[in-house]
Amino acid sequence: MFKRIKNLRVFLNDSDKKNMFKIIKEVIQFTFVKKAIPTDYFRKYLYRNDVFNIKNYLSYKEYNGILLSNKIVFHEVSALLENKLCFHLICEKHGINTPQLISYNFKNMFYYNNRPIILQNLNQLSTFFENVFTTEKINILFLKPVDGIGGKGCFLLYKDNLKKQLLEREQQLLNTSFLHEEYIVQHANINTIHANSINTLRIVTSIDNKHEIQVVSVLMRFGVGKSITDNTHT
């Protein structure tokens, strides 16, 4: 809730606001119609001059009501998509482009070239990743939690100064499951907007009554500041 309230700062500095009388009227209307605290009115920029019908927009409660509905969420399928290793293997099997999976770990069980090895301390971690960097002839790995969401827990591991990084990450690596992926270099023009993260497209789709997939919208996301992910959570 606190993070959503922080959007008020953006509202106060926005020069494209409706007049204050209209904003107050719409806030009351939004609260009454959506039966929710009107933070989404500000979070979704409904106060701007180019928004004409605020009823067309979902509140956070309505959004989650659809997203988590038993009518559209099949846990047998969701489990495959939420587990990033399973999702990678599905993409790989069907020829869908995805970053190369170099290695991975389930807590202290690490896998490289389909060979498992149990790691228990800093020196073993260092030896493992030094071997990966040398064999693959790379300098950076992108690590993300197997079951993470919203970009949380992701970090870059560099060949340079490896031991210092592992000293800080030792317990995290040995007690969490990660994918270790290739580091992607994105287009130079996108780097001019935000170079620290890989900035991605979010494609929203729906399945109609004929079981045909329709593209509802496509938007591009960008990281902020020093964030290495473009998720709103980070």
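When segment 1-15 is examined, which residues are found to be under 25 Å from residue 233 (Cα atoms) and either open to solvent by 60 Å² or more (accessible area, probe 1.4 Å) or modelled with pLDDT of 95 or more (or both)?
Taking segment 1-15 first, the residues under 25 Å from residue 233 (Cα atoms) are 1-14.
1, 2, 3, 5, 6, 8, 9, 10, 12, 13 - these are the residues of segment 1-15 that are under 25 Å from residue 233 (Cα atoms) and either open to solvent by 60 Å² or more (accessible area, probe 1.4 Å) or modelled with pLDDT of 95 or more (or both).
Of 165, 214, which residue is over 20 Å from the mean Cα position of the chain (by Cα), surrounded by 10 or more Cβ atoms within 10 Å (Cβ to Cβ) and part of a strand (DSSP E or B)? Even if it seems obvious, please write down each step before you answer.
Details: 165 fails: part of a strand (DSSP E or B).
Selected residue: 214, the only one of 165, 214 that is over 20 Å from the mean Cα position of the chain (by Cα), surrounded by 10 or more Cβ atoms within 10 Å (Cβ to Cβ) and part of a strand (DSSP E or B).
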Fill in the blank from the handout: Sole miss for residue 69 among (1) open to solvent by 80 Å² or more (accessible area, probe 1.4 Å); (2) farther than 30 Å from residue 156 by Cα; (3) free of Cβ contacts under 8 Å to residues at least 24 places away in the same chain is condition (1)
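Being of a type outside the set (Phe, Trp, Tyr) and either farther than 15 Å from residue 180 by Cα or surrounded by 15 or more Cβ atoms within 10 Å (Cβ to Cβ) (or both) is the filter here; which residues of segment 84-96 pass it?
Within segment 84-96, the subset of a type outside the set (Phe, Trp, Tyr) is 84-86, 88-96.
84, 85, 88, 90, 91, 92, 93, 94, 95, 96, listed by residue number.
Would you check which residues across segment 125-143 are more than 26 Å from the chain's Cα centre (by Cα) and not in a helix (DSSP H, G or I) and list them? Working first, answer last.
First, the residues of segment 125-143 that are more than 26 Å from the chain's Cα centre (by Cα): 125-128, 130-131, 134-137.
137, the sole residue that qualifies.
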Fill in the blank from the handout: The correct count of residues that are of a type in the set (Ser, Thr, Tyr), assigned to a strand (DSSP E or B) and within 20 Å of the chain's Cα centre (by Cα) in segment 75-124 is 1
Completion exercise
Among residues of segment 39-55 being open to solvent by 60 Å² or more (accessible area, probe 1.4 Å) and out of contact with any helix residue (DSSP H, G or I) (no Cβ under 7 Å at 6 or more places or on another chain), the residue nearest to residue 29 (Cα to Cα) is 53
Practice task
Kindly establish whether residue 119 is more than 24 Å from residue 79 (Cβ to Cβ), open to solvent by less than 40 Å² (accessible area, probe 1.4 Å) and touching a residue at least 40 places away in the same chain (Cβ under 8 Å).
Solution key: yes
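Sort out which residues of segment 97-107 are open to solvent by 60 Å² or more (accessible area, probe 1.4 Å) and either modelled with pLDDT of 95 or more or more than 21 Å from residue 79 (Cα to Cα) (or both), and write them in order of number. Walk me through how you get there before you give the answer.
Filtering segment 97-107 down to residues open to solvent by 60 Å² or more (accessible area, probe 1.4 Å) leaves 97, 100, 106-107.
Within segment 97-107, 100, 106, 107 meet the criteria.
Step by step: first the residues of segment 72-102, then only those that are among the polar types (S, T, N, Q) and touching a residue at least 24 places away in the same chain (Cβ under 8 Å), then the one that is nearest to residue 213 (Cα to Cα). Which residue is that? Write out each step before concluding.
In the first step, residues of segment 72-102 are kept if they are among the polar types (S, T, N, Q); the result is 78, 83, 97-98, 100.
So of that shortlist, the ones also touching a residue at least 24 places away in the same chain (Cβ under 8 Å) come out as 83, 100.
On the way: 83: 23, 100: 28 Å.
Per the criteria, the residue is 83.
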Practice task
Within segment 217-234, track down each residue that is open to solvent by less than 100 Å² (accessible area, probe 1.4 Å) and in contact (Cβ under 8 Å) with a residue 24 or more places away in the chain.
Solution key: 222, 223, 225, 227, 228, 229, 230, 231, 234
Exercise for the section: Hey, can you tell me all the residues within segment 174-200 that are under 26 Å from residue 232 (Cβ atoms), outside any loop (DSSP other than H, G, I, E, B) and in contact (Cβ under 8 Å) with a residue 60 or more places away in the chain? Expected result: 178, 179, 180, 181, 182
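Would segment 196-204 turn up any residue that is of a type in the set (Gly, Ala, Ser) and under 16 Å from the mean Cα position of the chain (by Cα)?
Step one: list which residues in segment 196-204 are of a type in the set (Gly, Ala, Ser), which gives 197.
The next check asks that each one be under 16 Å from the mean Cα position of the chain (by Cα); those that pass are 197.
Yes, segment 196-204 has at least one match.
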Fill in the blank from the handout: Within segment 4-53, the residues that are of a type in the set (Ser, Thr, Tyr) and in a helix (DSSP H, G or I) are 31, 39, 41
Practice task
Return a yes/no flag: does segment 33-49 have any residue that is among the polar types (S, T, N, Q), modelled with pLDDT of 90 or more and out of contact with any strand residue (DSSP E or B) (no Cβ under 8 Å at 6 or more places or on another chain).
Solution key: no
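The values are calculated or read from the model by the stated rules, or taken from the named source; none is laboratory data. What you see is a predicted model, and the numbers here were worked out from it, not measured in a lab. Don't worry about glycine lacking a Cβ; one is built from the backbone with ideal geometry, like all the others, and counts go over all protein chains shown. When the accessible area is computed, the model is the full protein with side chains, heavy atoms only, and any ligands, DNA or RNA have been set aside. Shrake-Rupley method; radii C 1.70, N 1.55, O 1.52, S 1.80 Å.
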